[in-house]
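Have a look at the structure below, then the notes.
Every read-out reported here was derived from the displayed coordinates using simple, explicitly stated rules and does not represent laboratory data. The shown structure was predicted, so the numbers you read here are calculated from the model rather than taken from an experiment. Ideal geometry is used to build each Cβ from the backbone, glycine not excepted, and the neighbour counts take in all protein chains shown.
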Amino acid sequence: MSHCPPSPCSPTLIFLPIMFLWQPQLPHSAKRELRIDGDLVIGGLFPVHEKGEGTEDCGKINEERGIQRLEAMLFALDEINSNDRILPGLRLGTHILDSCSKDTYGLEQSLDFVRSSLDDVHDDGFICPDGSRPIGNNVPLAISGVIGGSYSDVSIQVANLLRLFQIPQISYASTSAKLSDKSRYDYFARTVPPDFYQAKAMADILQYFNWTYVSTVASEGDYGETGIDAFQLEARENQICIATSAKVSRSMNRQGYENVIRSLKQKSNAKVVILFTRSEDARELLSAAARMNTSFIWVASDGWGAQESVVRGSETAADGAFTIELASYAIREFQDYFTKLNPYTNTRNPWFKEFWEHHFACSLHELSCSERSLRDGTFDQESKIMFVVNAVYAMAYALHNMRQAVCSNTSKVCAAMKPSNGKRLYKEFILKTRFEAPFRPMDTESIVRFDSVGDSISRYNIFNYHKEKGKFIYKKTRKCPENFNEAKFIGFTMYTTCIIWLAFQPIFFVTASDYRVIMIPKKYVPDLYVLIFESVEDSCAHWI
């Protein structure tokens, strides 16, 4: 029997990272987090803030990918808790933390998710000098599973931690192909497909325009680097030559981004640049190009997607870009929910006042600031809200099915689920979850399910950013029927009438085992005439 120092009593363990988990926690006021008690608790990890500059962990508030996605999880939990068909008689709680868009910071925050998993070790093996059991301050909530993270770098770090404690994880945005490796990430699933398919989409765009000499830029980390690796494989198979490859470091400053642009300019024949970058890196690269009065034809991954925040202030530098985004639909119910929020009624979100002041560029000490409203007509729903909601529902349905299987004789949570058996929850229930996506438009059919490695089925849209009628816009497809079997690639021509675009609009359908593309060109596109019809040599030697 071991003894430990008095108050708080904590065990001395050889495994130092575990010992770190038992250090006294900072006072609640010193750390912002969102905690809602429940019979079962789901963790949440969101990039509420962008990464900080220099030695700062956190930067400015991340409105779309942070606050909107966080509120989407709260919205989904509210809907589930009011639905007597999912976990009837139980209430789902949550513990949500901010990753600050940084892998190491996200990992540090996620230690809270696993602290409760050590309760048995703490209680059974140690006593305090007076013979009492240790009592920890700020007792952590027992986590059944985690929703998140957003960036692949963050999800990979967190997955490495959670697997040690058999805590399942479902991401709504992490697309790195590495996360499909079940020998390393055996408790990870996601409601989005891996980046392999984005790389194929990029190669098809280049082939269509006969662009065979390009440069590449990747964000440092798993998302950017593995994405570019996948693209380079596609490039070799399609006789596309790489002029130069640049990398954006995690701590790059303004001068660093300008140096990247200079390196791209040195390859004067490579007018096309492939971007596999995080949104903030894409934004800074465009800003640097604008300052240097330089333009390229950008072909960008979903890190850029169709975000206005990426191109704001650098519209001319972004003109003509092709960007990829996962096809999704807006959830009307979420829009109604979100636009009714205000800093005085939304007290459960500790970051909402900061969001409000940033969004309206005002201070809540001013009367005019408190009178503003999100229903002013400027709300633009972030593109992955649907995937956040689907991830929360997938976890809830898995817990519901597990409860029916192991707690059939009680209306509450039985011992077999407290704490839940994470390995069984993941393998027998999360991977086998299948349900109709909630809040889908009435004329659509969308099934949420995972394949054997936890990846999801989805499709991509391609956007063209250009100026139309005096205004820069992302041009995209109209909504096409979704009530078809995505596993069978049959009869695609019946959907061509749904596609309308100034230049062309491909839609990529993907599953774990197949891939198809529809591409509908128009005969006359004045703005892209030179790009389309300019002769390009196929030989790499031509460019050297």
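At-a-glance table
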item: Ranked packing of 218-228, 263-273, most packed first, by mean Cβ within 10 Å; result: 218-228, 263-273
item: Residues whose placed amide H lies under 5 Å from that of Trp298, excluding near-sequence neighbours; result: Val273, Ala321, Phe322
item: Cβ crowding within 10 Å averaged over residues, with 427-435, 236-244 ranked highest first; result: 427-435, 236-244
item: Entries of Lys178/Lys471; Lys200/Lys432; Lys267/Lys467 with Cα pairs more than 32 Å apart; result: Lys178/Lys471
item: Order of Met402, Met395 under a 10 Å beta carbon neighbour criterion, fewest first; result: Met402, Met395
item: Dimensionless Rg over Rh [the stretch 181-221; C-alpha; Kirkwood]; result: 1.13
item: Convex hull of Cα atoms in the stretch 284-416, direction-averaged projection (nm²); result: 12.8 nm²
item: Order by protection proxy (mean Cβ within 10 Å, highest first), peptides 404-417, 246-259; result: 246-259, 404-417
item: In Å, descending, principal axis extents of the Cα set of the stretch 207-331; result: 41, 35, 27
